[in-house]
Amino acid sequence: MDSHTLFERAVKVLPGGVNSPVRACKNVGCEPRFIEKADGSHICDVEGRTYIDYVGSWGPMILGHNFPPVAEAVRQAVGNGLSFGAPCQAEVDIAELMVQMVPGLEMVRMVNSGTEAVMSALRVARGVTGRTKIIKFAGCYHGHSDSMLVKAGSGALTGGSPDSKGVTASTAGDTLTAQYNDLDSVVALLEANPGQVAAVIVEPVAANMGVIPPKKGFLKGLRQLCDQSGALLIFDEVITGFRLAPGGAQEYFGVRADLVTYGKIIGGGMPVGAYGGSRAHMEQVAPCGPIYQAGTLSGNPVAMAAGLAQLTYLHEHPEVYTNISQKGAMLASGLRQIAEARGIPVQVNQVSSLLTIFFTETPVTGYAGACASDLERFARYYRGMLAGGVYAAPSQFEAMFLSNAHTADDIVRTLNTAERVFGTL
């Protein structure tokens with residue numbers, strides 16, 4: 001079976017032929033590759049072609065695909081049963097480890113995805129504060145729950161308008177949109193909605209409009225504004241959690257959030273999410289308190305076993321973070337040098353093991369800058385890299401993820417491919 005034939009079959013039974021929109025590769029002008037297996041830093045499609053993988057299941061494969069301790073933990077857990085719908089030891093062990101690793105984290109609740117984690121954290125923020133409105137940032141993605149599928153309205157001080165059919169205007173109206181890296185836009189929203197904002201939610205490093213790091217003082221400024229206004233600060237660490245540092249973005253940037261959300265990295269790639277914060281806030285969640293949230297598969301024993309194995313390894317081997325950061329810098333620097341030698345204007349934004357290449361002369365510090373980059377040139381670049389055996393996210397507005405399994409040879413081969421592709425751009 002080949003990818004084209006599978007895609008022809010898929011479009012007849014799956015919307016767009018995929019189960020998550022970006023996988024359709026529409027924005028880069030090609031059809032998706034159907035993946036059969038993965039190991040280390042490589043994936044292999046159904047035709048048997050092997051690629052250096054910079055998607056890593058969108059982040060959780062920080063130790064590489066099929067990492068032996070994680071794979072073995074899954075094998076052992078499966079032997080005991082796939083799901084209990086009841087407490088198990090692994091969920092206690094991983095929660096204790098997360099609390100040990102993350103500054104300020106005192107309690108966590110396991111869920112099944114980053115979307116569910118964000119949805120639940122927002123409910124906690126509203127329940128704790130008694131307020132209704134949420135401030136998010138244009139271009140930051142927090143899953144597909146209704147209140148987060150919102151773009152800016154007619155002006156910075158208005159409520160949002162739905163960014164998807166099926167989202168009601170009343171739901172969108174409680175979501176206010178600020179500009180990432182612009183504290184003044186947050187101040188304006190807080191002043192226009194005094195005593196109404198329950199939380200400010202942010203990706204500490206924006207990674208869903210391409211990688212955009214926070215400007216110096218931006219996250220600390222958000223912390224101060226939340227303290228002054230009585231709103232809670234929520235870090236969406238579905239991307240940055242346990243990737244930037246053992247304690248995630250809170251450790252990396254030295255800024256504490258009130259609530260934090262996590263995704264599949266805490267499950268070693270299995271379907272997992274979590275949200276957490278102080279004991280005072282989390283004890284408002286049922287059955288301790290009046291804020292309801294539940295899930296049959298939450299704390300699934302197989303997912304918990306995989307996540308525990310991965311986080312244990314990261315906790316015991318902090319050198320992983322130095323290693324992947326160095327690889328990220330090597331790849332980013334190489335791409336800049338190649339582009340400069342070819343006279344092609346690019347911005348390569350990199351934070352540790354996360355990076356994105358933008359085809360533009362102007363530094364990309366927010367959503368408008370990302371959208372103004374040359375999307376058609378990016379598509380040609382993407383197709384060339386894919387043909388050369390480099391598998392990256394099929395969208396300008398996503399991150400490349402490096403893992404501990406990537407080798408110096410992988411980076412060199414990627415840069416050699418990039419040099420050939422840049423010669424055609």
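The values are calculated or read from the model by the stated rules, or taken from the named source; none is laboratory data. Quick caveat: nothing in here was measured; it's all calculated off a predicted structure. Here the Cβ is made from the backbone with ideal geometry for all residues, glycine too, and neighbour counts use every protein chain on show. For the accessible areas, the whole protein counts, side chains as well, though only heavy atoms, and no ligand, DNA or RNA atoms are used. Shrake-Rupley method; radii C 1.70, N 1.55, O 1.52, S 1.80 Å.
In segment 70-85, which residue that is assigned to a loop (DSSP other than H, G, I, E, B) and closer than 15 Å to Pro271 by Cα is least open to solvent (accessible area, probe 1.4 Å)? Restricting to residues being assigned to a loop (DSSP other than H, G, I, E, B) and closer than 15 Å to Pro271 by Cα, the top hit is Ser83.
Apart from one condition, Thr296 fits all of (1) over 22 Å from Gly247 (Cβ atoms); (2) out of contact with any Gly (no Cβ under 6 Å at 6 or more places or on another chain); the exception is (2).
Scoring Ser373 on the criteria (1) open to solvent by less than 20 Å² (accessible area, probe 1.4 Å); (2) in contact with a helix residue (DSSP H, G or I) (Cβ under 8 Å, 6 or more places away or on another chain); (3) of a type outside the set (A, V, I, L, M) leaves a single failure, condition (2). Run down Val260, Val351, Val255 and say which single residue is of a type in the set (A, V, I, L, M) and touching a Ser or Thr at 6+ places or on another chain (Cβ under 9 Å). The unique qualifying residue is Val351. The conditions of being modelled with pLDDT under 95 and closer than 22 Å to Leu297 by Cβ are met by Ser20. Looking only at residues in segment 297-319 that are without any contact (Cβ under 8 Å) to a residue 60 or more places away in the chain and in a helix (DSSP H, G or I), the one that is least open to solvent (accessible area, probe 1.4 Å) is Ala303. None of Pro87, Pro68 is without any contact (Cβ under 8 Å) to a residue 60 or more places away in the chain and farther than 30 Å from Arg223 by Cα except Pro68.
Each row is one residue, and each column tells you yes or no for (1) touching a helix residue (DSSP H, G or I) at 6+ places or on another chain (Cβ under 9 Å); (2) surrounded by 16 or more Cβ atoms within 10 Å (Cβ to Cβ); (3) farther than 18 Å from Ala95 by Cα; (4) at pLDDT 95 or above.
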position: Gly254; (1), (2), (3), (4): yes, no, yes, yes
position: Lys264; (1), (2), (3), (4): yes, yes, no, no
position: Ser333; (1), (2), (3), (4): no, no, yes, yes
position: Glu340; (1), (2), (3), (4): no, no, yes, yes
position: Phe358; (1), (2), (3), (4): yes, yes, yes, yes
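When you check Tyr381 against the structure, is it assigned to a helix (DSSP H, G or I), touching a strand residue (DSSP E or B) at 6+ places or on another chain (Cβ under 9 Å) and in contact (Cβ under 8 Å) with a residue 12 or more places away in the chain, yes or no? Taking the combined requirement at face value, the residue satisfies it.
On the given criteria, is Gly328 of a type in the set (Gly, Ala, Ser) and surrounded by fewer than 21 Cβ atoms within 10 Å (Cβ to Cβ)? I'd like the intermediate steps shown before the answer.
Details: of a type in the set (Gly, Ala, Ser): yes; surrounded by fewer than 21 Cβ atoms within 10 Å (Cβ to Cβ): no.
For Gly328, the condition - of a type in the set (Gly, Ala, Ser) and surrounded by fewer than 21 Cβ atoms within 10 Å (Cβ to Cβ) - is not met.
Restricted to segment 24-41, and to residues there that are open to solvent by 50 Å² or more (accessible area, probe 1.4 Å) and closer than 16 Å to Met385 by Cβ, the residue that is modelled with the lowest pLDDT is Asn27.
Any residue at all in segment 389-398 that is more than 14 Å from Ile357 (Cβ to Cβ) and part of a helix (DSSP H, G or I)? No, the conditions are met nowhere in segment 389-398. Tallying residues that are assigned to a loop (DSSP other than H, G, I, E, B) and either within 23 Å of the chain's Cα centre (by Cα) or among the aliphatic types (A, V, I, L, M) (or both) within segment 285-296 yields 4. Looking only at segment 86-131, filter to residues that are assigned to a loop (DSSP other than H, G, I, E, B) and either touching a Lys or Arg at 6+ places or on another chain (Cβ under 6 Å) or open to solvent by 60 Å² or more (accessible area, probe 1.4 Å) (or both); which one of those is farthest from Gly230 (Cα to Cα)? The qualifying residue farthest from Gly230 (Cα to Cα) is Pro87.
In this structure, is Thr322 in contact with a helix residue (DSSP H, G or I) (Cβ under 8 Å, 6 or more places away or on another chain), open to solvent by 10 Å² or more (accessible area, probe 1.4 Å) and among the hydroxyl-bearing types (Ser, Thr, Tyr)? Even if it seems obvious, please write down each step before you answer.
Numbers: in contact with a helix residue (DSSP H, G or I) (Cβ under 8 Å, 6 or more places away or on another chain): no; open to solvent by 10 Å² or more (accessible area, probe 1.4 Å): yes; among the hydroxyl-bearing types (Ser, Thr, Tyr): yes.
Spelling it out, it is not the case that Thr322 is in contact with a helix residue (DSSP H, G or I) (Cβ under 8 Å, 6 or more places away or on another chain), open to solvent by 10 Å² or more (accessible area, probe 1.4 Å) and among the hydroxyl-bearing types (Ser, Thr, Tyr).
Scanning segment 1-15 for residues that are without any contact (Cβ under 8 Å) to a residue 40 or more places away in the chain, surrounded by 11 or more Cβ atoms within 10 Å (Cβ to Cβ) and in a helix (DSSP H, G or I) returns His4, Thr5, Phe7, Glu8, Arg9, Ala10, Val11. Here Ala257 fulfils each of the conditions (1) closer than 23 Å to Leu219 by Cα; (2) in contact with a Cys (Cβ under 8 Å, 6 or more places away or on another chain); (3) of a type in the set (A, V, I, L, M) apart from (2).
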